[in-house]
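Undergrad: Quick one: structure below, then a few questions.
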Amino acid sequence: MEDSRIACLVTGCAGFIGSHLAERLLARGCSVIGVDNLATGHRRNMAAFAEHPDFTFFERDVCAPGLVAKARTVCPRLSHVFHLAAVVSVPYSVDHPRHTMAVNLDASVSLHEAAREAGLRAFVFAGSAAEYGETATVPIVEGAAGPDTVQQSPYGRAKFLASARIAASGFGVSLRCFNVYGPRQSASSPYSGVISLFMERGLCGRPLTIFGDGGQTRDFVAVSDVVEGYLLAAGLTGPTETPLAGIFNVGTGHSTSILELARLVAKLTGNDREPEFLSSRQGDIRHSVADFSKFAAAGFSPNLSLEKGLAILLDWQRLQKG
């Protein structure tokens, strides 16, 4: 009997979001071909599913050609591509713009085109809120990023150009995720999100470090909700189970300042140290909160509040410390 399970390619499968997505797909009964060059991803993120019989891992760079063709030699029924592999650091992108464009734009466009030419069912791209630049209007709608938008970093620019190409093709979807947090987001990496860094310092009894005055606002969305958004966008869940096309924001619609976040993390971790304020970082934007009504109309609904999400992350980080 022919194997009818859905087969998915997940690039960046050893990363923070990618590992959660791969694990969720396997739990749903899908076969997963994971790709990661382990430059910023970690094998430990795949520990929960690395030996799963329906998981195949390729250690390779997404800039290498022929990825879709190679995946189909392993699994001819490949139908869905989730492209999360990227240069993820804004500061790194500022220092290495060429490499950032090669990975985040050129490789993304090539992979999308290969998936389209192969007649695959769905292509989901990891867009970013950084595509909006220093927008003056919040909450931010998808149309706020256009040809005249000035992104604050090569990272944001590359993501915008890739999203635009995907949207213009009529095949595939770009999910512009806002500030994602949760277990497996490494606090030891300079690329980490502010929440994981705050949690690490809070648990160690060290002052929380704030770049700028702390008045920056962000829309923090739990990784579990983001993963459900990926499944919805790919047509694996939702009211119609039809792959989406275009660009969609992924967030909660709630705005939290960095200073408010620091106070909440300090309270949860029992850290009574006063925060340390450092100079603002190049490429950081001031205010960012999502208008995700377009994605909500397609069936997306974030379920985890920031307080509950932080509690889950705190439990996980305490377990890592033994």
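The values are calculated or read from the model by the stated rules, or taken from the named source; none is laboratory data. Predicted model, so just to flag it, every value in this text is computed and none were measured. Backbone-built Cβ (ideal geometry, glycine too); neighbour counts: all protein chains shown.
Undergrad: Considering segment 242-277 alone, what residues qualify as being of a type in the set (A, V, I, L, M) and either in a loop (DSSP other than H, G, I, E, B) or surrounded by fewer than 19 Cβ atoms within 10 Å (Cβ to Cβ) (or both)?
TA: Listed by number, the residues that qualify are 244, 245, 259, 264, 268.
Undergrad: Follow-up. Go through the residues of segment 283-290 one by one and say whether even a single one is modelled with pLDDT under 95 and not in a loop (DSSP other than H, G, I, E, B).
TA: The answer is yes; a qualifying residue exists.
Undergrad: Spot the failing condition for residue 319; the list is (1) within 20 Å of the chain's Cα centre (by Cα); (2) assigned to a helix (DSSP H, G or I), and only one is missed.
TA: (1)
Undergrad: Can you pull out the residues in segment 31-40 that are part of a loop (DSSP other than H, G, I, E, B) and without any contact (Cβ under 8 Å) to a residue 40 or more places away in the chain?
TA: 38, 39, listed by residue number.
Undergrad: Name the single residue that is surrounded by the fewest Cβ atoms within 10 Å (Cβ to Cβ) among those in segment 44-72 being over 14 Å from residue 11 (Cα atoms) and touching a strand residue (DSSP E or B) at 6+ places or on another chain (Cβ under 6 Å).
TA: 54
Undergrad: Please identify the pairs in which a residue from segment 218-241 that is surrounded by fewer than 19 Cβ atoms within 10 Å (Cβ to Cβ) has its Cβ atom under 6 Å from the Cβ atom of a residue that is in a helix (DSSP H, G or I), counting only partners at least 6 apart or on another chain.
TA: 237/231; 238/232
Undergrad: Taking only segment 141-186 into account, find how many residues are under 25 Å from residue 225 (Cβ atoms) and β-branched (Val, Ile, Thr).
TA: Within segment 141-186, residues that are under 25 Å from residue 225 (Cβ atoms) and β-branched (Val, Ile, Thr) number 4.
Undergrad: Further, regarding this structure: Looking at segment 164-181 only, could you name the residues that are crowded, with 24+ Cβ neighbours inside 10 Å and farther than 22 Å from residue 222 by Cα?
TA: 166, 172, listed by residue number.
Undergrad: Continuing with this model, one more query. Of everything in segment 73-85 that's within 17 Å of residue 176 (Cα to Cα) and out of contact with any Phe, Trp or Tyr (no Cβ under 8 Å at 6 or more places or on another chain), which residue is surrounded by the fewest Cβ atoms within 10 Å (Cβ to Cβ)?
TA: Restricting to residues being within 17 Å of residue 176 (Cα to Cα) and out of contact with any Phe, Trp or Tyr (no Cβ under 8 Å at 6 or more places or on another chain), the top hit is 84.
Undergrad: Given segment 68-179, what helices (runs of 4 or more DSSP H) lie entirely inside it while holding 1 or more residues that are within 27 Å of residue 280 (Cα to Cα)?
TA: Values: elements: 90-95, 97-101, 108-117, 154-169.
Answer list for segment 68-179: 90-95, 97-101, 154-169.
Undergrad: Let me ask something additional. Within segment 49-67, count every residue that is part of a loop (DSSP other than H, G, I, E, B), hydrophobic (A, V, I, L, M, F, W, C), under 20 Å from residue 7 (Cβ atoms) and touching a residue at least 12 places away in the same chain (Cβ under 8 Å).
TA: Result for segment 49-67: 2.
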